[in-house]
Each structure stands twice: as structure tokens, then as C-alpha cells.
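What follows is a short report on a single structure.
The values are calculated or read from the model by the stated rules, or taken from the named source; none is laboratory data. Note that the structure is predicted; figures quoted are calculated from it, not measured. No Cβ is skipped: glycine too gets one built from the backbone with ideal geometry, and neighbour counts run over all protein chains shown. Protein only, heavy atoms only, side chains kept; ligands, DNA and RNA dropped before computing areas. Shrake-Rupley method; radii C 1.70, N 1.55, O 1.52, S 1.80 Å.
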Amino acid sequence: MKFFIDTADLDEIREAMSWGALSGVTTNPSLYAKTGGKLADFEQHMVKICEICEGLPVSAESTATTTQEMVEEGKRLAGLAPNVVVKLPIGVESLAATKTLAEDGVAVNMTLVFSAPQALLAARAGARYISPFVGRVDDIGSDGVASLEEIVRCIHNYDFGHECEIIAASIRSPYHVTAAALMGADIATVPFGALKNCVKHPLTAEGLAKFEADWEKVKNA
Ligand code: E4P
């Protein structure tokens, strides 16, 4: 499974890129707003992320509401850098926009996906990535992992004639990452905090402390 980082924060992206295990970035309007960014600076901010990522896929979300506007904004976003992936929320307008954009060679990440029918339609329309949300399903008291598993199994039953990867999104913990990997999701997009928690384990910290303490004895022997 590949790791994407789920943030628009340039410092978080730089830090995560330095670890050598990152395969891409996903952003959304809320994550961009969290950076304190202004509307006028959005596209340049996405370009900076693309430069930091050195060609890795970077999802930039369109806020357009009609098919025509999604196509126009999608082409503009895709023209910012070769590694821009246009993110569109699932809906009838975005399905139609995805078909047109995919036919024009623009990679689309269809987001805000919560059901297998939504995912299957997105794949059929030509989406290069599909982003089912896990955490937000948990947040309403349902089972986000089970929802993701349904989607993964349905998508993996078929060949859609184009590459179509599942990005497990709305990830809250290493548990979600493990569950996504066990079921065969292609990618997990993980917020910086949860990504750092994926590196940590209490027994790792405990073991390292003991190694260091015992090595001190060797050095002082
Ligand atoms: C990623 O593409 C999604 O926009 C993101 O994972 C949503 O995460 P959230 O549910 O924590 O806002």
C-alpha cells in the first residue's frame, strides 16, 4: 500500500517527503483554509506543493458546481503542473466532468465517496483515483472500515479499462491504515499527526531506551 499525506501545509509535506516513504498528497478546501491561505493564492500554493513533491501526484480540489465549470477549472488546475490530480466530489455533475476530463487525459480523484455504488460509478466515469472516507463514517457511529471494505471488494471485482486506485481517506489512526492495507486498498492518505503515529509504537520506544541504556554500559565498561 502507498502512503499519501492528507494536508495542504507546506512544512508538513516537506517533513513527510524527507522520510522517503511518501507517494503523493491530497488536499481539500478545508485543508487549504486551515493554512490561512487566500483564494488568490490557491493555485500558486498548489504549484508549490507540486514542486515539493517532485512529480508525485497532488490532488487539488475543484470548488466548481456545474459540469462545464468543473471541466474548465479541472483543465486549469491540471495545467498548473504535470503532477496535479483534479479532485471532484461525487455527483452527477462531477461524473460527467470526470468523463470529459479523463478523455482529455486529466487524472481525476473522485472524493466524498461513502458507498460502493458511488465508487463503481466513479470508476466507470473514468476516475483515476477514488477516495472513500473512513473516519467520517465512524464519526456518525457507523463502521467506516466495513464501508471501505465493501468498496474495495466491489472495485477489485472489475477491470474498468483504465488504472483506478482506491485512496482510503478520512484516516484517523494507524488502525485505519492497517485495516485499509489488510483489505487491499491501494493508498491511504493520512494526516501528518496520524502519519507520525504510524511510525511510533510504545514497544519500539521502550526497546530503544533499553538499547541506549545498555550501550552506555558498554561505552563505560
Ligand atoms: C482526502 O482526500 C479527504 O478530503 C480527507 O481525507 C478528509 O478527511 P477528514 O474526514 O478528516 O476531513
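If you sort the three axes of the alpha carbon gyration tensor as a ≥ b ≥ c, you get a/c of 1.5 or more for region 83-185 and a/b above b/c, which makes it prolate. Residues whose amide H falls under 5 Å from that of VAL190, counting only those 5 or more places apart or on a different chain, are PHE4, ILE5, ASP6, with hydrogens built in the peptide plane. Judged by the mean number of other Cβ atoms found within 10 Å, the most tightly packed of the peptides 193-204, 18-29, 86-97 leads the ranking 86-97, 18-29, 193-204. Dividing the convex hull volume of the alpha-carbon atoms in region 2-220 by its residue count gives 142 Å³ per residue.
Measuring between their Cα centroids, region 103-122 and region 32-50 lie 24 Å from each other. Between LEU80 and GLN44, the simple label model (points 7 Å from Cα in the Cβ direction) yields a spacing of 1.2 nm.
Heavy atoms only, probe 1.4 Å: what % of the accessible area of region 18-152 goes to carbon and sulfur, would you let me know?
On the way: 3320 of 6070 Å².
In region 18-152, the share of accessible area belonging to carbon and sulfur is 55 percent.
In region 42-123, a dipole from Cβ-located charges (positive for Lys and Arg, negative for Asp and Glu) runs towards its positive end, and of GLY105, LEU120, GLY74 it is LEU120 whose Cα lies farthest in that direction. Taking a ≥ b ≥ c as the square roots of the eigenvalues of the alpha carbon gyration tensor, region 16-93 is prolate, as a/c is not under 1.5 and a/b beats b/c. Of the peptides 106-112, 75-81, 155-161, 145-151, the ranking by mean beta-carbon count within 10 Å, highest at the top, reads 106-112, 145-151, 75-81, 155-161. Do any of LYS2/LYS219; LYS34/LYS210; LYS2/LYS217; LYS34/LYS99; LYS2/LYS38; LYS87/LYS196 go past 29 Å between their Cα atoms, and which? Flagged as over cut-off: LYS2/LYS219; LYS34/LYS210; LYS2/LYS217; LYS34/LYS99; LYS2/LYS38. Couplings for region 20-31, taken from phi via the Karplus curve 6.51 cos²θ - 1.76 cosθ + 1.60 with θ = phi - 60°, read x, 10, 8, 10, x, 9, 10, 10, 8, x, 5, 5 Hz in order; Gly and Pro are left as x. Largest GNM mean-square fluctuation among HIS162, HIS45, HIS176, using the chain with Cα springs under 10 Å: HIS162.
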